[in-house]
Amino acid sequence: TSTLRAMGASMGGFRIAFVDLLFLRAERLLREGRVEEVPALYEAIRELDPENAAAADHLAAVYAYDLQGEAPDTAGRLYWWLRAWKLVEEALEGHPDDASLLLRSSDLLLEIAPRDPDLEALVARRVPDPRRVGFERLLASIRVAETLPRRGRIHLLRLAVLLPIEAARRLAEGGDPEPLLALGEEALAIRRETLAEMRLPDPEEGAGTS
């Protein structure tokens with residue numbers, strides 16, 4: 001590990017090209033279904049280029065979608081969820097305004113955890129009111145960027161589709177939806193024209209994943 005970091009520091013401009021090759025290799029392995037080989041490549045990128053936020057984002061996605069999805073039980077899913085969450089939180093400490101990392105953080109709270117009620121209950125012990133935090137992270141990504149690399153405007157779509165559903169759920173359960181609605185109002189104030197141009201999917205279609 002220390003050897004990789006030292007090598008990255010000594011490679012100069014060639015480091016960028018080498019890192020790009022590792023990203024391409026990781027994407028090919030994912031397409032081939034060789035998921036178990038991918039984390040090592042993203043870890044190598046992070047050692048060669050410690051400030052590379054994209055490597056942390058992609059590695060968290062592999063933990064959250066691929067490896068977590070293959071876990072046989074809730075304990076296994078929690079393990080990979082926590083790996084992804086810790087990775088993203090650490091990356092955000094160095095890149096607090098990275099819209100892709102903020103969206104990935106939101107994904108973990110609004111998309112991954114709710115798939116398994118037992119997992120979401122365990123997550124709530126570590127992140128109080130995880131769905132609210134998820135929408136706050138989603139709004140933070142919207143503040144930073146109108147369009148995201150590779151993911152377009154999915155952060156705007158997620159908020160437009162999921163926030164009203166969650167606000168209605170809270171109201172039906174006797175909770176207070178106003179804090180969530182306030183987040184939606186801020187997003188509308190920031191990106192009103194863009195949101196007006198977007199076609200929202202039918203509820204059955206969902207808000208997309210990636």
Identify, please: which residue in the range 179-203 is of a type in the set (D, E, K, R) and either in a helix (DSSP H, G or I) or touching a Lys or Arg at 6+ places or on another chain (Cβ under 8 Å) (or both) and is, among those, least open to solvent (accessible area, probe 1.4 Å)?
-> R191
Quick one: in the range 56-97, which of the residues that are free of Cβ contacts under 8 Å to residues at least 24 places away in the same chain and within 14 Å of P39 (Cα to Cα) is surrounded by the most Cβ atoms within 10 Å (Cβ to Cβ)?
-> W80
Restricting attention to the range 34-55, and to residues there that are modelled with pLDDT of 90 or more and not in a helix (DSSP H, G or I), which single residue is most open to solvent (accessible area, probe 1.4 Å)?
-> R34
Confirm whether A26 is of a type in the set (A, V, I, L, M), open to solvent by 20 Å² or more (accessible area, probe 1.4 Å) and more than 27 Å from G134 (Cα to Cα).
-> no
Output the number of the condition that D176 fails; it satisfies all remaining conditions of (1) open to solvent by 40 Å² or more (accessible area, probe 1.4 Å); (2) assigned to a helix (DSSP H, G or I).
-> (2)
Looking at the range 125-147, is at least one residue among the basic types (K, R) and within 14 Å of the chain's Cα centre (by Cα)?
-> yes
Which residues, counting only those in the range 98-115, are of a type in the set (D, E) and crowded, with 24+ Cβ neighbours inside 10 Å?
-> D107
How many of the residues making up the range 119-173 are in contact (Cβ under 8 Å) with a residue 12 or more places away in the chain and not in a helix (DSSP H, G or I)?
-> 8
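The values are calculated or read from the model by the stated rules, or taken from the named source; none is laboratory data. Computed from a predicted structure; not experimentally measured. Methodologically, a virtual Cβ is constructed for each residue, glycine included, from the backbone with ideal geometry; neighbour enumeration extends over all protein chains shown. Note: accessible area is taken over every heavy atom of the protein model, side chains too, but ligands, DNA and RNA are not part of it. Shrake-Rupley method; radii C 1.70, N 1.55, O 1.52, S 1.80 Å.
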